[in-house]
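This report refers to the structure that appears directly beneath it.
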Amino acid sequence: MLLVVDTSSIVNARYANCKLTRRSFSSDAYADEHDQLSKAVERHDYQVVPVRVDGCLHLKTAVSALDEETVVVNPDWIDAGKLSGFKHILVAATEPFAANCLVLNDVVHLSAR
């Protein structure tokens, strides 16, 4: 299983999300944090994958899970290649916030901006 972690939200049972700031990527502490998290979740068959977020505040704004196999992604804000275990629906450049959606009772909820 894939675990991408962010303290701000958990997308579904298979996929939680995590953002890394530029500071976290250059920080020596990042390697320790990644190792600690990886060790904590490996017994549950999760894999931690760091994803850099640029252009938005939260990873949840750049990618959301529609189901266990599919994510909606804004490729301008994250490297969608880091989510290689999923089918991707890429948002249009003219609708950058469209990746920030929520599925409840099989209904996809989007902002009406």
field: Residue count for the range 74-89, restricted to those that are within 18 Å of Cys56 (Cα to Cα), touching a helix residue (DSSP H, G or I) at 6+ places or on another chain (Cβ under 7 Å) and not β-branched (Val, Ile, Thr)
entry: 3
query: Out of the range 69-89, which residues are under 16 Å from Asp54 (Cα atoms), surrounded by fewer than 18 Cβ atoms within 10 Å (Cβ to Cβ) and in contact with a strand residue (DSSP E or B) (Cβ under 6 Å, 6 or more places away or on another chain)?
result: Pro75
message: Just to be sure before I move on: is Gly85 in contact (Cβ under 8 Å) with a residue 60 or more places away in the chain and over 19 Å from Val108 (Cβ atoms) in the structure I sent?
response: yes
task: Take the range 96-106 and flag every residue that is part of a loop (DSSP other than H, G, I, E, B) and under 15 Å from the mean Cα position of the chain (by Cα).
output: Asn100, Cys101
- request: Identify, by number, the condition in (1) surrounded by 11 or more Cβ atoms within 10 Å (Cβ to Cβ); (2) small (Gly, Ala, Ser); (3) not in a helix (DSSP H, G or I) that Ala93 doesn't meet.
  value: (1)
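All of the numbers you see were taken from the coordinates with simple rules; none came from a lab. Quantities reported herein were computed from a predicted structural model and do not represent experimental measurements. A quick note on method: Cβ atoms are made from the backbone with ideal geometry, for glycine too, and the neighbour counts reach across all protein chains shown.
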